[in-house]
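Coordinate-derived values only; no laboratory data. Just so it is clear, the model here is predicted, and its values are computed rather than measured. Ideal geometry is used to build each Cβ from the backbone, glycine not excepted, and the neighbour counts take in all protein chains shown.
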Amino acid sequence: MTDDLPASAGIDTSVPHSARVWNYWMGGKDNFAADREAGDAYVKTFPGIVPLAKESRRFLIRAVHHLAAEVGIRQFLDVGTGLPTMQNTHEVAQQAAPDARIVYVDHDPLVLAHARALLTNTTPEGVTDYVDADLRDPDRVLADARNILNFGQPVAVMFMGVLGHVEDDDEVLSIIARMMAAVPPGSYLVRWDSTATSEGFDEAQQGYDDTGAIPYKLRSPEQVGRCFEGLEMLEPGLVSISRWRPESDDAVAVDGYGAVARKP
């Protein structure tokens, strides 16, 4: 665990942080006592959060592999990446396409510290980099990403479970619209977020928000789906992320919905 690590400036270890709590639910070690306490309390009220956390990574793996191996996407912009765990975007993409270029975006000090240490190329042909920027400032994200990615070629823009941290629905749509307006036709949007689709989820989330952590707004699947308007969704469309092109036909739905869509 990270309890014995020095708390760098800007890293408050006394208040739970979503990236670290998520890391805890996924079985990672990059978390503190406050994160584990909040995570355990959440699970007690809503046990479904643990399978959701694990399925979120499986969705990322399937989506990125499909775009790199089957569609031919060579550039990925992973906005609000969170803490590195296993099978991160660059690892999946560069395994399928060694020349893939990946830019991670986050502004949490602990996330950036881990990014510097762990988010490195897996192939000599590829590029893996990160930018310190807030997803609420898409102009800054885009300006920094342009130093690494070629916006004349298709880009997969990814928001993986992070837009619940933006409370205003219109702001969410504006962030996505501005990002997608900057990338050319043939680019893709990959998005999922936790959804208010099971009893107990709202209660657990409210209890978590009350700890002083950054709040997360649970939306309906229909609200999540609004950001894909004007884009061409790949089959099977907007679904529980465990059921997006699963490896088996008996995938159990989790309380997170997402899709992959092409900009025409």
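Roughly how big is the stretch 127-264's charge dipole about its Cα centre, with Cβ charges of +1 (Lys, Arg) and -1 (Asp, Glu), in debye to the nearest 20?
700 debye
Would you work out which of SER220, GLN94, ALA145 lies farthest towards the positive end of the dipole of the chain, given +1 charges on the beta-carbon of Lys and Arg and -1 on that of Asp and Glu, about the Cα centre?
Looking along the dipole axis, the top candidate is GLN94.
Quote the charge dipole size of the chain about the Cα centre in Debye, to the nearest 20; the model charges only the Cβ of Lys and Arg (+1) and of Asp and Glu (-1).
Numbers: 23 positive and 40 negative charges, 165 e Å.
Around 800 debye, computed over the chain.
What lysines does LYS54 reach when the alpha-carbon gap must be under 25 Å and sequence neighbours fewer than 8 apart in one chain are set aside?
The qualifying lysines are LYS29, LYS44, LYS217.
Treat every Asp and Glu Cβ in the stretch 120-191 as -1 and every Lys and Arg Cβ as +1, leave all other atoms uncharged, and give the resulting dipole magnitude about the Cα centre to the nearest 20 debye.
340 debye
Tell me which residues come under 5 Å, amide H to amide H, from VAL131 once H is placed; ignore anything under 5 positions away on its chain.
Amide H neighbours of VAL131, under 5 Å, 5+ apart: TYR104, VAL105, ASP106.
Compute the longest continuous run of the chain that contains no exposed GluC sites (Glu not before Pro); treat a site as exposed when its DSSP state is not H, G, I, E or B and it has at most 16 other Cβ atoms within 10 Å.
Longest gap between qualifying sites, sites excluded: 1-124.
Using amide H atoms built 1.01 Å from N in the peptide plane, name the residues 5+ places from VAL239, or on other chains, whose amide H lies under 5 Å from its own.
The answer is GLY258.
Check ARG101: other-chain or 5+ apart residues with amide H under 5 Å from its amide H, H built from backbone geometry?
It is GLN75, PHE76, VAL127, by chain and number.
What ³J(HN,Hα) values, in whole Hz, does the Karplus curve 6.51 cos²θ - 1.76 cosθ + 1.60 give for the stretch 239-252 when θ = phi - 60°, with x put for Gly and Pro?
Running phi through 6.51 cos²θ - 1.76 cosθ + 1.60 with θ = phi - 60° gives 9, 3, 4, 5, 10, 8, 6, x, 6, 9, 7, 9, 4, 8 Hz.
What order, most packed first, do the peptides 178-187, 136-145 have when packing is the mean number of other Cβ atoms within 10 Å of each residue? Kindly include the intermediate steps, with their values, before the conclusion.
Details: 178-187: 16.4, 136-145: 18.1.
Taking the mean over residues of other Cβ atoms within 10 Å, the ranking is 136-145, 178-187.
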